[in-house]
Amino acid sequence: MTERTIYLDPDVRPSVSRKLTVQAYRWYASVELDRDDYLYATTERGREPDLPSAYKEALDRALLASTDRIWCDGYRGSFSWGEGARCTTVPVPFSEVEATVEALRVAELEHNYHQLHSLADRLELPIEQWLSPGERELVRGVDFQSPPRVFLDFLRAKSNTWGLRLNGRATAGSVWVRPTLPSIQKTIREMYPDQYPGWVDRWSGYTDPEDAPIRPWVGGRGQNLSHEAKPVHFDNIDITTGRNCPCGLSFRDQWDEGKIHTAHHAAWAFGIHVPKSLMWPGNLAVVRPNSPISWRNLAAKAGRMPMRENHYDFNSWAYTGEPEEAPANDRAFLLKANDYVIGYLVATDTSEHRRWDLVDGSRYDANDETLRPRIDLIWIAGSYRRQGLGAELVQALADDFGCQVGDVSWSSPISDAGRQLARRLSPDGIWVS
Ligand SMILES: [Zn+2]
């Protein structure tokens, strides 16, 4: 076949003629009928004339048959086409290009749709028959031409759209199939008949005739553990569930099949994996703005966990550029267990504090100008909470600074979890700033 453009209206300038264009792709050719300029020149602007219904019906048949045929031959992709009065694209096997060009030409110029129908007749596959109930062998070269595995994949895709289970097997020169209807598909179709108009169950209760072909045993497949099983019972009970997962993401964000949530949730629950390349003796690391970048990046990764969980706009650890000296001695304490960072505390030193008795609603009093380490944020991985690890991190901060646990300051406002921890460590009151 040759790629080319054929002008259907020889009496007018090519630019306003209807055009048939033949283009080749890897798996098929497309024949496109372009009426855009022709309609623009011959009809009122903006008015889109409808195709005659007999034309549309013939086109739809040809399109359905040819796309099925191309898929059956092994093509895995989709088709992009124009449908409507302005542009019509018909993807066809290479062998049918000339017939399609001719069929579209006579349909367009003579309003004769027989050739489109006979194109559909030639390309149409007996899918109804292939997916009928019962065991059958389809033979390469007789029933289909493509390699048996390719053909079986096509049949599987077709049975999926029909709600059928195929139970198929490819041999060297044929494909064995036994389409069955899973009870759940039957239930769904009977519950929502409007979504499946004209659907008839031909599969349930089908018994093979005496002389049905017997599929040779080819090994591998174990016994069918669902044979004669009773269907599961379904019901709908009233429940309410929260929108948000404890990790901070929404349960409803499933557009990526939950992959992002799954990865984030795993990190939230058991921490950030420590890269093997990072030598980390002991289990506590104090990372500063002038530490090596791999450590500062690890702190930033840990910082993302409380950020998502508490819906903060900014990461509490932002030192991921050039090493720098931070005037207020900013630092992140990373706590490791089982090769994961499971605890994260960010602190800075300040000398403006007030006293709070930890009673909800009561005011701060007593100004204090002692230099104290202030906890800006503290986070423990979800699966490690309620084991006193937060208190250990605060103790590590006090030790690093050289003060008592009761001397540290807490950045205000304090989260609920922070308040609980502060009450446990300093029941009589805390410094806040
Ligand atoms: Zn989650």
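Ranked by Cβ crowding within 10 angstrom, fewest neighbours first, how are E325, E135, E228 ordered? So the residues, fewest neighbours to most, are E228, E325, E135. Summing Lys and Arg as +1 and Asp and Glu as -1 over all other residues whose Cβ lies under 9 Å from the Cβ of S351 gives a net charge of -3. Each of V101, V286, V341, V139 has some number of other Cβ atoms within 10 Å of its Cβ, and from fewest to most they run V139, V286, V101, V341. Before rounding to the nearest 500, sum -39500 (n - 2.57) across all DSSP H runs of length at least 4 in the chain and divide by the residue total; then give [θ] at 222 nm in deg cm²/dmol. Value at 222 nm, helices only: -9500 deg cm²/dmol. Between rounded, prolate and oblate, where does region 327-433 land on the alpha carbon gyration tensor, with a ≥ b ≥ c its root eigenvalues, rounded for a/c under 1.5, else prolate if a/b exceeds b/c? Because a/c hits 1.5 or more and a/b fails to exceed b/c, region 327-433 counts as oblate.
Hey, got the dipole for region 243-314? About the Cα centre, +1 on K and R Cβ, -1 on D and E Cβ, debye to the nearest 20? Before the final figure, lay out each step's value.
Values: 9 positive and 5 negative charges, 44 e Å.
That gives region 243-314 a dipole magnitude of about 200 debye.
Relative contact order for the chain: 8 percent, from Cα pairs under 8 Å spaced at least 6 residues apart, divided by residue count. With contacts taken as Cα pairs under 8 Å at a separation of at least 6 residues, region 127-195 carries a relative contact order of 34 percent.
Within region 292-340, the chymotrypsin sites (Phe, Trp or Tyr not before Pro) that combine a DSSP coil assignment with at most 15 other C-beta atoms in a 10 angstrom radius are Y312, F314.
Of the residues V200, N338, T161, the one whose Cα sits farthest towards the positive end of the charge dipole of the chain is N338 (charges of +1 on Lys and Arg Cβ, -1 on Asp and Glu Cβ, taken about the Cα centre).
Simple rule: put +1 on each Lys or Arg Cβ and -1 on each Asp or Glu Cβ in the chain, find the dipole, and look at A302, V150, I184; the Cα lying farthest toward the positive end is A302. Rounded to the nearest 20, the size of the Cβ-charge dipole of the chain about its Cα centre is 1060 debye, with Lys and Arg at +1 and Asp and Glu at -1.
Which of the GluC sites (Glu not before Pro) across region 39-131 are loop residues per DSSP, with 12 or fewer other Cβ within 10 Å? List each step's numbers first, then the result.
Values: sites: E44, E57, E83, E96, E98, E102, E108, E110, E124, E128; in loops: E44, E83, E124.
Listed in order of number, the matching sites are E44.
Within region 1-108, which trypsin sites (Lys or Arg not before Pro) sit in a loop by DSSP and count at most 16 neighbouring Cβ atoms inside 10 Å? Passing both the DSSP loop test and the Cβ count: R26, R45, R47, R76, R86.
Starting from the Cα gyration tensor of region 127-195, take the square roots of the eigenvalues, sort them a ≥ b ≥ c, and report rounded, prolate or oblate (rounded when a/c is under 1.5, otherwise prolate if a/b is larger than b/c, else oblate). Don't skip to the answer; put the middle values down first.
Values: a/c = 2.77, a/b = 2.48, b/c = 1.12.
It is prolate, given that a/c is not under 1.5 and a/b is the larger ratio.
Taking the Cα centre of region 127-195 as origin, work out the dipole magnitude from +1 charges on Lys and Arg Cβ and -1 charges on Asp and Glu Cβ, in debye rounded to 20. Mind showing how you got there, number by number?
Values: 10 positive and 7 negative charges, 46 e Å.
Computed about the Cα centre, the dipole is about 220 debye.
Would region 316-360 count as rounded, prolate or oblate if I go by the C-alpha gyration tensor, calling it rounded below 1.5 in a/c and otherwise prolate when a/b exceeds b/c, oblate otherwise? Note, shape of region 316-360 comes out oblate. Rounded to the nearest 5, the antiparallel percentage of DSSP beta bridges internal to the chain is 90%.
Each value in this text was obtained by applying a stated rule to the coordinates, not by laboratory testing. Predicted, not measured: the structure shown is a model, and the values here were computed from it. FYI the Cβ positions are ideal-geometry reconstructions off the backbone, even for glycines, and counts take in every protein chain you see.
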